[in-house]
């Protein structure tokens, strides 16, 4: 999943600031009261029932649109083939007309492909933004229930890793996934 560099930098900066604030000598809270957890939002999205449904719907949308693009591409190839086969039997005016038709179809194909890519990117961004908010709510619920002072996005192999190491007991991903599923049926 695509995450903006600003979101990652903000998350990392907030995590570091929070850790420093809770562990520096003379801080208001003692380190013994500080409890930190990690969660992988991408894994929550991919493993939760609601997340999988949303990802499957996005994939289905992309496949449907890709079929339209593939059909346009086949039509272009056919038109190009016809143009080459008929080239010797056409007058110059007819050749220009066929070439103009081909160029127009090619431009339409390129425009549709670009629109499709923009639509898909927009839908993906909407899905990520919406689910990050929902995952945040589920994370907050688990953190408050467990007495965690801070929960950091640990990242994954598909994103930038913010947390390089954590003990398994700190990983709240499974708990957040269950809470997410409970709330988002």
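What follows draws every value from the coordinates through simple rules; no lab data is involved. Here the structure is a predicted model, which means the values were calculated and not measured. So basically every Cβ, Gly included, is an ideal-geometry build from the backbone, and we count neighbours across all protein chains shown.
May I ask you to sort 97, 85 by Cβ crowding, counting other Cβ atoms within 10 Å and putting the fewest first? Provide the component values of the computation, followed by the final result.
Details: 97 12, 85 9.
Taking fewest neighbouring Cβ atoms as first place, the list is 85, 97.
Both the radius of gyration and Dmax for segment 114-153 are 15.0, 48 Å, in that order, over alpha-carbon atoms.
Can you sort 172, 58 from fewest to most other Cβ atoms within 10 Å of each residue's own Cβ? Present the calculation step by step, with values, prior to reporting the outcome.
Working: 172 22, 58 15.
Arranged by neighbour count, lowest to highest, 172, 58 become 58, 172.
Sort 169, 176 so the one with the fewest other Cβ atoms within 10 Å of its own Cβ comes first. Could you put the intermediate results ahead of the total?
Working: 169 7, 176 28.
Ordered from fewest to most neighbouring Cβ atoms within 10 Å, 169, 176 come out as 169, 176.
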